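Comments concern the structure below.
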Amino acid sequence: MRTAHEPEHLSAREPDSGLVRVVVDTPKGSRNKYKYDETLGLYRLSKVLPLGSAFPYDFGFIPSTRAEDGDPLDVLLLGEEALFPGCLVTVRLVGVIQAEQTEHGKTFRNDRILGAIETPVNQPVIQTLEDLRTERLDEIEYFFMAYNHLEGRHFTPIGRHGPAMAEQLLADGIRQFSNAKGGRHVEPYTAEQDHRQ
């Protein structure tokens with residue numbers, strides 16, 4: 001039985017705090033890449049990453065959004081402990097790694113949004129990409145480059161940007177979702193909604 005509490009029925013933001021909702025699909029340290037199947041309301045094993053590859057952080061998606069590839073926007077969650085598939089967390093967007101991916105001779109954008117988990121008692125230390133060591137960002141980029149290469153794709157980072165760019169990608173993703181659902185009205189996010197910006 002379908003319920004209003006399934007991920008595809010959640011809004012992209014918490015109404016009170018304005019924080020972004022992210023549903024974890026793949027835990028930190030896992031080689032298994034899971035993907036939520038909206039039709040079945042279940043998680044599927046999408047693939048197993050090549051030997052020696054594992055997600056450096058939890059990986060999830062923002063409900064009620066659509067990226068260029070038709071899937072919900074992905075987010076890499078900068079947290080210390082692994083979560084579980086289906087765990088709903090609230091996140092502060094801290095930046096984006098802009099990237100192009102080439103697959104089957106076609107090149108398209110495949111930007112990676114980064115977020116820091118925030119709860120009422122756990123405030124994130126990381127507020128922007130500038131709070132991360134350059135070496136850590138290099139490692140994150142290398143993870144995406146390496147596993148894509150081993151799967152026959154070419155992933156090329158082309159820029160690093162802070163929270164404003166991540167928020168713009170989110171706004172675009174909410175708009176794409178609304179258009180795909182027949183123009184259902186979705187409230188746009190404004191900086192005034194978040195008293196901490």
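The values are calculated or read from the model by the stated rules, or taken from the named source; none is laboratory data. Please read all numbers here as calculations on a predicted model, not as lab measurements. Cβ coordinates were reconstructed from backbone atoms using ideal geometry, including for glycine residues, and neighbour counts include every protein chain displayed.
When each of I174, I158 is tested for being β-branched (V, I, T), modelled with pLDDT of 95 or more and either touching a helix residue (DSSP H, G or I) at 6+ places or on another chain (Cβ under 6 Å) or surrounded by fewer than 18 Cβ atoms within 10 Å (Cβ to Cβ) (or both), the lone residue that passes is I158.
Across the stretch 141-168, the qualifying residues are those that are within 17 Å of the chain's Cα centre (by Cα) and among the charged types (D, E, K, R), and the one among them that is farthest from H104 (Cα to Cα) is E167. Within the stretch 10-56, the residues that satisfy the criterion of being touching a residue at least 60 places away in the same chain (Cβ under 8 Å) and out of contact with any Asp or Glu (no Cβ under 9 Å at 6 or more places or on another chain) are L10, A12, E14, V23, S53, F55.
Yes/no matrix, rows are residues, columns are (1) under 25 Å from G29 (Cα atoms); (2) modelled with pLDDT under 95; (3) assigned to a strand (DSSP E or B); (4) out of contact with any Asp or Glu (no Cβ under 9 Å at 6 or more places or on another chain):
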{"residue": "V94", "(1), (2), (3), (4)": "yes, no, yes, no"}
{"residue": "I97", "(1), (2), (3), (4)": "yes, no, yes, no"}
{"residue": "E141", "(1), (2), (3), (4)": "yes, no, no, yes"}
{"residue": "Q168", "(1), (2), (3), (4)": "no, no, no, yes"}
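Kindly list the number of the only condition in (1) buried (at least 17 other Cβ atoms within 10 Å of the Cβ); (2) part of a loop (DSSP other than H, G, I, E, B); (3) not β-branched (V, I, T) that fails for D69. With (1) buried (at least 17 other Cβ atoms within 10 Å of the Cβ); (2) part of a loop (DSSP other than H, G, I, E, B); (3) not β-branched (V, I, T) applied to D69, the lone miss is (1). For the stretch 12-37, the set of residues classified as acidic (D, E), more than 22 Å from E141 (Cβ to Cβ) and not in a loop (DSSP other than H, G, I, E, B) consists of D37 only. Taken over the stretch 72-92, the residue count meeting the criterion of being out of contact with any Phe, Trp or Tyr (no Cβ under 6 Å at 6 or more places or on another chain), over 23 Å from N179 (Cβ atoms) and part of a strand (DSSP E or B) is 5. Here R13 meets each of (1) buried (at least 16 other Cβ atoms within 10 Å of the Cβ); (2) within 17 Å of A180 (Cβ to Cβ) with one exception, condition (2).
Taking (1) within 19 Å of S178 (Cα to Cα); (2) in contact with a His (Cβ under 9 Å, 6 or more places away or on another chain); (3) not aliphatic (A, V, I, L, M) in turn, R66 satisfies each apart from (2). Restricting the stretch 79-138 to residues that are among the basic types (K, R) and free of Cβ contacts under 8 Å to residues at least 40 places away in the same chain, which is surrounded by the most Cβ atoms within 10 Å (Cβ to Cβ)? Taking the candidates together, the pick is R112.
Specify the residue that is modelled with the lowest pLDDT; the eligible residues are those in the stretch 32-67 that are among the acidic types (D, E) and farther than 16 Å from A12 by Cα. It comes out as D37. May I ask you to verify whether D58 is of a type in the set (D, E, K, R) and within 22 Å of D111 (Cβ to Cβ)? Yes: the conditions hold for D58.
Taking the listed residues L40, L45, the one that is surrounded by fewer than 16 Cβ atoms within 10 Å (Cβ to Cβ) and assigned to a strand (DSSP E or B) is L45, with no other qualifying.
Of the residues making up the stretch 21-62, those that are over 20 Å from T90 (Cα atoms) and acidic (D, E) are D37, E38.
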